[in-house]
Ligand code: SF4
Ligand code: SF4
Ligand code: SF4
Ligand code: SF4
């Protein structure tokens, strides 16, 4: 069964522990010009997760809410379907992971993702695409992702996705403060990270216009969205594809390839 | 729309060249470095408590405290944080601030600005908000007269930054160092500690004798962390809080009115600095109501205290200038606001404010000499979390007092007051364990702070007080304070004293929903 994380936004105090945990565990760098927490945090190649500060109104009073953002690990990941090099792969345990050695750098994933998650290492001379990996190596051992394990207020619960959905339902049904919407239950065909909140999601910067159809079904449309890239890069990409494929083949022969 | 933007970004020349230069080599470098068959991530490290093999078990010590990016007191460098959880440990278990409110948060980062987290953080990721540059700029500014006050507890802490044993007395060296740094006048907060006793003591006597209808017990009000704690969690008890300002704020107000007048200085030119063992003082000085001098002169923008430096910040400034503090010849405070009694000095210890108050209150109530016992009030000295004493005051009866330090110790007493079950007339509260001598701005001499260091600092303070002759141990015999009343304020709680030296409090109960205590 596939694992997921339930994020209860009412419990977050904005300490940013999760963003630091992500950096510690994944060896990401800190950049003062690109903060991972605060008013305008940047999700980028070094910040795989961010916690944004939002001042919103509740019952006519200003209230603060903090929103942790990271890859939602879609059940039917558009990034993976868009990636012809298979650099993005959905594991049976839930994480959608990225294999740099397969990446050709086309960045179709960035265009396909409905949540605008994958980021490019613009400042590297050998850039790769990056994003939250849901600490796949931890998850594979039955451990919670790094960010989940450090949260001092238990904002996040790690577990089986269907159990988390049941828990989310129970929570929002038994407490009328919550909005009756489990974000990620159906968005983009369902995600492994799901959210509950006492403030409507659109007020907290969530994309609520995301289709509930699994995106891969029509990912072709998504690709059509990018004619400029497709036309000017087509030849080069085809070449790279062939190149990567050959590498895969070699890798396979060495019996070291990743599961497909 | 977002997508379109992304697309435009991709087609820039820079992006194009970078990509073109990079792409062909991605595979090559990956192969050369021979390491990227693994998924990305997970090559890092986490503290031991998160390394649980079979995993989802919650660990006890984890995460960290939230910090308001606009906090005037503390800040954190995320890059240094290792998520050890120590800041949360002290905030929650020693200070009972974090975790004592319901979630979700309302619209505040609940913090009393005490800075204990700066003392516990092993990597010094959390520090005081640095104000040294502002002070240096003021010193450089020929238009400004920069005047500094030093809190009682600073003189037993500063030396530790220079390798001296815990509690070494460096009062004279501190004055000398401040002069070398270029401060125009060096004054002593002990002076206004004595002044506080005159005001707060009179207030207490008025409550006890029924001259004032303010409730008993009276709470001390000089620890701004404690004051904010009461405003958050026990706003219903704010009438019990003494209206007397803290010595730091009294000093600022007196400096820019009485002193400015007396010396014929334009108060707008004075830049008032204080050296404090405390980070909450940085918060206190910028509370909107603390511009009494501004109101006095009808120039609202004049602040009573312009900048607060912790002992650690002062040490950094001294070190940066290459001043060899331990070997400086001792110097004396400047006159007019520079005299302080032993009673004012021991304000820095837990129990000190109470002992100082009791000495003066006894004299005022009985008009008799203060008995020896009150110069060594053992029951309220030392590091027990809650201490109490009962004193027989001839003609008045038995006065019961309590002394509390560390906010976790304050809660049971406050709950008792709330229930109307407190037997006390007067309660001293100090936010930090040990009092100001172990305030959040003191040197990080032991990590986390140890009672050994606290005890050494406390012993030096009491030792100094005991070494003075009798008159020099009583607030009401501070000759400069008496001159201040004669020349300017007239008498304690006079109209002017009220304007300059007293304050009101802010109910912050709506900033949080306090958890019910079981
Ligand atoms: S660790 Fe938890 S409380 Fe802290 S910012 Fe992250 S999600 Fe919020
Ligand atoms: S959120 Fe975006 S990057 Fe993450 S799995 Fe879904 S499509 Fe892929
Ligand atoms: S300053 Fe005090 S109250 Fe604020 S976070 Fe640190 S320990 Fe907690
Ligand atoms: S004490 Fe310091 S290092 Fe430890 S969690 Fe807090 S801020 Fe981070």
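Any read-out appearing in this document is the output of simple, stated calculations on the displayed coordinates, not a laboratory observation. Values in this document were obtained by computation on a predicted structure and should not be read as measured data. A quick note on method: Cβ atoms are made from the backbone with ideal geometry, for glycine too, and the neighbour counts reach across all protein chains shown.
Once a ≥ b ≥ c are taken as the square roots of the eigenvalues of the Cα gyration tensor of the range B:426-468, is the result rounded (a/c under 1.5), prolate (a/b larger than b/c) or oblate (a/b not larger than b/c)?
Taking the square roots of the gyration eigenvalues as a ≥ b ≥ c, the range B:426-468 is oblate.
How many angstrom lie between the C-alpha centres of the range B:104-160 and the range A:107-183?
With the range B:104-160 and the range A:107-183 each reduced to a Cα centre, they are spaced 38 Å.
Would you mind checking the tilt of helix B:407-418 against the longest principal axis of the Cα atoms of chain B, expressed as 0 to 90 degrees and rounded to 10?
Helix B:407-418 and the main axis of chain B meet at about 60 degrees.
If you stretched the chain out fully between residue B:61 and residue B:237, how much longer would it get, using 0.36 nm times the residue separation minus the C-alpha to C-alpha distance?
Result: 60.1 nm gained on full extension.
By how many degrees, 0 to 90 and rounded to 10, does the Cα axis of helix B:171-181 deviate from the longest principal axis of chain B?
Orientation of helix B:171-181: about 60 degrees from the principal axis.
Helix B:224-233 against the longest principal axis of chain B: what's the angle in degrees, Cα atoms only, rounded to the nearest 10?
That works out to roughly 80 degrees.
Using the alpha-carbon centroid of each, what span in Å lies between the range B:449-503 and the range B:192-232?
Taking the Cα centre of each part, the range B:449-503 and the range B:192-232 sit 15 Å apart.
What's the extension gain from residue B:214 to residue B:366 if we count 0.36 nm per residue and subtract their Cα-Cα distance?
Full extension from residue B:214 to residue B:366 adds 52.5 nm.
Bin width 20 Å, origin at 0, all Cα-Cα pairs of chain B: what percent of pairs per bin?
22, 51, 19, 7, 1
Using Cα-Cα distances under 8 Å and only pairs 6 or more residues apart, what relative contact order does the range B:265-388 have, in percent?
Reported as a whole number, the value is 17 percent.
Under the definition of Cα pairs under 8 Å and six or more residues apart, what whole-number percent is the relative contact order of the range B:73-223?
Relative contact order, the range B:73-223: 17 percent.
If you take the beta carbon distance between residue A:27 and residue A:202 as r and set R0 to 51 Å, what does 1/(1 + (r/R0)^6) give as a FRET efficiency, to the nearest 0.05?
The calculated FRET efficiency here is 0.90.
Contact order normalised by length for the range B:328-420, with contacts defined as Cα pairs under 8 Å and 6 or more residues apart; what percent is it?
The normalised contact order for the range B:328-420 reaches 20 percent.
With the cut-off at 1.5 for a/c, could you classify the range B:328-486 from its C-alpha gyration tensor as rounded, prolate or oblate?
Judged from the Cα gyration tensor, the range B:328-486 comes out oblate (a/c at least 1.5, b/c at or above a/b).
Measuring from a point 7 Å past the Cα of residue B:206 along Cα-to-C-beta, which residues in the range B:235-277 have an amide N at less than 14 Å?
Within reach of a label on residue B:206, which here means backbone N under 14 Å from a point 7 Å along Cα→Cβ, the range B:235-277 contributes B:240-245.
What distance in nm separates the two pseudo spin-label positions at residue B:517 and residue A:140, each 7 Å out from Cα along the beta-carbon direction?
Distance between the two pseudo-spin positions: 5.0 nm.
From the Cα gyration tensor of the range B:69-188, with a ≥ b ≥ c the square roots of its eigenvalues, which class applies: rounded if a/c is under 1.5, or else prolate if a/b is larger than b/c, or else oblate?
Here the range B:69-188 falls in the prolate category.
Under 4 °C and 1.567 mPa s, how fast does the protein assembly as shown diffuse according to Stokes-Einstein, given a Kirkwood radius computed over C-alpha pairs? Answer in µm²/s, whole number.
For the chosen part, D equals 44 µm²/s.
Of the beta bridges DSSP finds with both residues in chain B, what % are antiparallel, to the nearest 5?
Given both bridge residues lie in chain B, the antiparallel proportion sits at roughly 35 percent.
Determine the equivalent ellipsoid of the range B:453-518 by diagonalising the alpha-carbon gyration tensor, then write out the semi-axes as square roots of 5 times the eigenvalues, largest first, rounded to whole Å.
The answer is 34, 28, 8 Å, longest axis first.
Quick one: of the DSSP bridges fully inside the protein assembly as shown, what percent are antiparallel, nearest 5?
55
How far is it, in nm, from the label point at residue A:125 to the one at residue A:54 when both lie 7 Å from their Cα along the line to the Cβ?
Between residue A:125 and residue A:54, the simple spin-label model gives 4.2 nm.
Per residue of A:143-154, count partner chain C-beta atoms within 10 Å of its C-beta, then hand back the mean as an integer.
The per-residue average across the peptide is 6.
Tell me, what does the Kirkwood hydrodynamic radius of the range A:80-148 come to in angstroms if you use every pair of distinct C-alpha atoms?
Across the range A:80-148, the inverse of the average 1/r is 12.7 Å.
How far is it, in nm, from the label point at residue B:411 to the one at residue B:298 when both lie 7 Å from their Cα along the line to the Cβ?
About 5.1 nm, to one decimal.
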